[in-house]
Every structure is written in structure tokens, then in C-alpha cells.
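The values are calculated or read from the model by the stated rules, or taken from the named source; none is laboratory data. From a predicted model like this one, the values you see are computed outputs, not experimental measurements. Virtual Cβ from ideal backbone geometry, glycine too; neighbours counted across all protein chains shown. The area values use the complete protein model at the heavy-atom level, side chains included, leaving out ligands, DNA and RNA. Shrake-Rupley method; radii C 1.70, N 1.55, O 1.52, S 1.80 Å.
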Amino acid sequence: MSEDTSPELQSHLEPQAPPSHPRDPWLWCLAIPALFAALANIRLTIPSTPFFDEVHYLPAAREFLSLWEGRTTTYINREHPLLGKELIALGIYLFGDNPLGWRSMSLIAGTIAVGASMRALWQASYDRFATIAFGVLLMTGFHLFIHARIAMLDIFMATFLAIAAWQFAAAIREPERGRVRLALTGVAIGCALGAKWNAVPLAMAFGLTFFAARLSAGRRRLLLSRRGIPVPGISLAEAFLWLGVAPLVVYAITFAPGYWQGNAFNASPLTENGLIGLHFEMLDLQQQVLAPHTYQSTWQQWVLNTRGIWYHYDVTDGAQRGVLLIGNPLTMLLGLPALAWCLVIGLYRGDWARIAVAVGYGVSLGLWLIAPKPVQFYYHYVMPSMFLLAALALALSDLHASGRKYWAYAVLAGSAGMFAVFFKILTAAPLVGPMSFADWTWISGWR
């Protein structure tokens, strides 16, 4: 090269280093859920009798089994959609009407939720450290762990929403497969709605996000143009099909078994009033004024982790045992400044992954600020807690990248340490006696 060549031209002529691509932590996305499943399986069948809200959902699941076996059935637990109860019934069908059958599908769903959530964060951020950290935080964060061990509806809703987030983020990251990914997103949204209505705000968020992104692209043919973000090649009209129409169709399909439930004395409300009529009844049941409950709480208490629920505390299976739902005392609080950090840094950098977790937390928590449900419980915080931990994982990644690696690893170790401390009352282990609860009720709201 000539000595007269300018430095600017020389820099253009020299070979450039290839752009850095972080390695996909797919192996971690398998290993951490597998470890979660192994830990959650410990004493899965204890208590050996139904506990907490299992007393509502197990009878409803048994009615589906009666329907499948051609026996007369009753349409019960009308205030909730059917899919979660259908999945519990599937577990009973596969493994028997026993504790393993009751809770097996919850364990499978919880395991998938951890893996799908990790994949969602990876596709959204391409941040290897944050993805792995998120898996550790979810596994040790209490919420998913406890609900993976009990036959309730929340774990199924959380799992399908995690799958929807994964597929939606992947559609944006890989637009060449955007159509399939958006279709899968729509199916998952419909299933989440079919598990529990609490999914409604987040279910709407996917379509609204697509609309807002496409609107910001300034396309003149807004409805039909296939150019622009968030998924090039997909028009707004087609996105409405996958993210608006498909979820409603899938949701309606989940009610199909309900048309055949009922008998001469208690007909199915679906055959009597149709799907729309049933939903008016469900809405009325959701808004009914319940008597005050010992464990009811408010959203402020959820945010500060100051009010828990004893799902079980009694002498059962030959020993004093307990199951306490609270959030991990360390990460539930550290996650709050992490949320603020993600929102500020996300807006400053234009980092949509960080903005998304902050907005997702606000949307999922905001439901309970306006919901006409007079008695609320801490398990309604399961979805906000997942966004909270995603924000903490991203904040820890920023710490790690800034050279403060030990602080990031210390938080992960602290989360695992708290999980170990509370493990006995997360898994119904034998306790010393009736007053053993005091070892873990560090504040009065956990009693």
C-alpha cells in the first residue's frame, strides 16, 4: 500500500473484524429448567390431600374425567375458563387421581415456564449473562416454584404467556420466520386466556406493541404495508389476524368440552346461554363481593413483599408441615431499583428489551390497581414478579459488563442462599412442631 494513502482510506481498505455475536446459551436454557424440575419434584406428592385452592380446581377437573368416561357431569367452578382445569384433568388421567396426578401438569408447566422465559429474554436482548441470570432468579424466586407444585391455574397462565413472549421476541429477531412465530404467539395468548383471565392485559400488549411499532415507522399504507418494524414482511392487517383473531379463536375452542357438561337437573351454561352468555355470568362471579379473608392483601404489599399466604400449615403425612407463598426476600426488593434502571437506561439507549420488561411489569401490576375484584391475594403478583426478575437480570448484566462482576454473582448467590433457607417451607418438609413457622416469619405480614 502506498505511503501516500490517507489514514482514513487506509482504515477502509484494511480488513474489518467480524461483529461480535454472543453465544446462544441454549444449553443453559435446558439445564436450569431441568434442575428446577428436579428440585420442585421433591415431596411433590406432599401434602397427600388437597390443599389451598386445589379444593376448588380438583373437583372441576374430575368433572372433565367424568365427561370423557361418558358419565353425567356438572359444570362447576364457573368463574374461571376451562383450559387450566382441563390440563389438571389430563394429569389425573395419565397418573391417577392422586397427588402425583393432581400436580404433575403444574410441574411440567412450571418447568416450561422457566425455559420459555429464558428464551424470551435471550431473543429480546441477545444478552447471554442476563439470560442465564434470569433462569437462576426464576428458579430461586419462590413464585414459579410454589405454583409448579400445586394444582392451581396461575402456573398455566404464566407458562403460556412466557411462550407467547418467546415467540413474539423471536419473530422480531428473525423476521424471515415471523409468520410462524406470530401464529404461535397467537395460539399461546389464546391458551393463556383460556387458563385464567388475569392474562388479559398482557394478551393485549402484543398486538398493541406491533401496532405502535408499525405506526412509528410512518408507513403510508399502514394496514397493508409489509415494510418496517417490528416484523418486516408482515402487514398490520396480518398481524391483527395472528395477534387479535387467532387468540380469540383458540380461547373459544378451549371451552368446547363445556358444551357437553351438565345433566337433566344442572344443564351446561354454555348450551343454555352460549359462550357470550356464559361470559356475562363469569364476569358477575368475578366481581362478587367476597367475605374478608385472612390472607387478602393489596398491591402495595405485593410490591414490598410484606404479605404472604400460608398455603398449608398443619400436621399432615405424619409431621408438622407448611407451605408459605412469599417472594424471595432479597430479589423482590432488589428488583425494584432494577426496574427503574431498566426503564431509564432503556429509554436512553433505545433498548426495547429493557423498556419491555419495565412496561410489562407496569401492565401486569396495573390490572390490580383497577380490577373490580374486592378481595385480592399475593398469588396475583406471579406475572409482575417474573418481569421484576427479568429487570434484575438485565441490571446484573450491566453490572457484570461494567467490571463489577462480583456484585452480580453475589446477588445470584444470595438469591440461591435465600431459596435454600426457605426450602423447607417451600416443599412441605417435616418441621419440629407447631411453632416452627416463627423461624421463617421474619415480619408480621408473613405469619
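Can you tell me which of 269, 232, 247 is surrounded by 15 or more Cβ atoms within 10 Å (Cβ to Cβ) and at pLDDT below 95?
Working: 232 fails: surrounded by 15 or more Cβ atoms within 10 Å (Cβ to Cβ); 247 fails: at pLDDT below 95.
After applying the criteria, what remains is 269.
When 179, 149 are checked against the criterion of being outside any helix (DSSP H, G or I) and basic (Lys, Arg), 149 stands alone in meeting it. Meeting the requirement of 3 or more residues that are under 22 Å from the mean Cα position of the chain (by Cα), the helices (runs of 4 or more DSSP H) wholly within the stretch 199-269 are 200-216, 246-253. Sub-7 Å Cβ pairs linking a first residue in the stretch 187-210 that is over 20 Å from residue 82 (Cα atoms) and open to solvent by 20 Å² or more (accessible area, probe 1.4 Å) to a second residue that is part of a helix (DSSP H, G or I) and hydroxyl-bearing (Ser, Thr, Tyr), at least 6 apart or interchain, are 206/185, ordered by first then second residue. Among the residues of the stretch 388-446, those identified as open to solvent by 50 Å² or more (accessible area, probe 1.4 Å), of a type in the set (A, V, I, L, M, F, W, C), more than 30 Å from residue 316 (Cβ to Cβ) and within 26 Å of the chain's Cα centre (by Cα) are 399, 410, 413. Yes or no: the stretch 35-43 includes at least one residue that is assigned to a helix (DSSP H, G or I), closer than 25 Å to residue 190 by Cα and either in contact with a helix residue (DSSP H, G or I) (Cβ under 6 Å, 6 or more places away or on another chain) or open to solvent by 40 Å² or more (accessible area, probe 1.4 Å) (or both). So far as the stretch 35-43 goes, no, none of its residues is assigned to a helix (DSSP H, G or I), closer than 25 Å to residue 190 by Cα and either in contact with a helix residue (DSSP H, G or I) (Cβ under 6 Å, 6 or more places away or on another chain) or open to solvent by 40 Å² or more (accessible area, probe 1.4 Å) (or both).
Report the residue count in the stretch 250-266 for those that are of a type outside the set (A, V, I, L, M, F, W, C), modelled with pLDDT under 95 and either touching a helix residue (DSSP H, G or I) at 6+ places or on another chain (Cβ under 9 Å) or surrounded by 14 or more Cβ atoms within 10 Å (Cβ to Cβ) (or both). Show your work before the answer.
Keep residues of the stretch 250-266 that are of a type outside the set (A, V, I, L, M, F, W, C), which gives 251, 254, 257-259, 261-263, 266.
Applying the additional criterion that residues be modelled with pLDDT under 95 yields 257-259, 261-263, 266.
This time we only want the ones that are either touching a helix residue (DSSP H, G or I) at 6+ places or on another chain (Cβ under 9 Å) or surrounded by 14 or more Cβ atoms within 10 Å (Cβ to Cβ) (or both), so: 257-259, 261-262.
So the answer is 5.
Look at residue 155 and say whether it is assigned to a loop (DSSP other than H, G, I, E, B), at pLDDT 95 or above, open to solvent by less than 30 Å² (accessible area, probe 1.4 Å) and closer than 22 Å to residue 311 by Cβ.
Working: assigned to a loop (DSSP other than H, G, I, E, B): no; at pLDDT 95 or above: yes; open to solvent by less than 30 Å² (accessible area, probe 1.4 Å): yes; closer than 22 Å to residue 311 by Cβ: yes.
Judged against the criteria, residue 155 is not a match.
When the criteria are applied in full, residue 306 fails the requirement of being farther than 18 Å from residue 60 by Cα, without any contact (Cβ under 8 Å) to a residue 12 or more places away in the chain and in a loop (DSSP other than H, G, I, E, B). Within the bounds of the stretch 117-124, is there any residue that is in contact with a His (Cβ under 7 Å, 6 or more places away or on another chain) and either among the hydroxyl-bearing types (Ser, Thr, Tyr) or outside any helix (DSSP H, G or I) (or both)? No.
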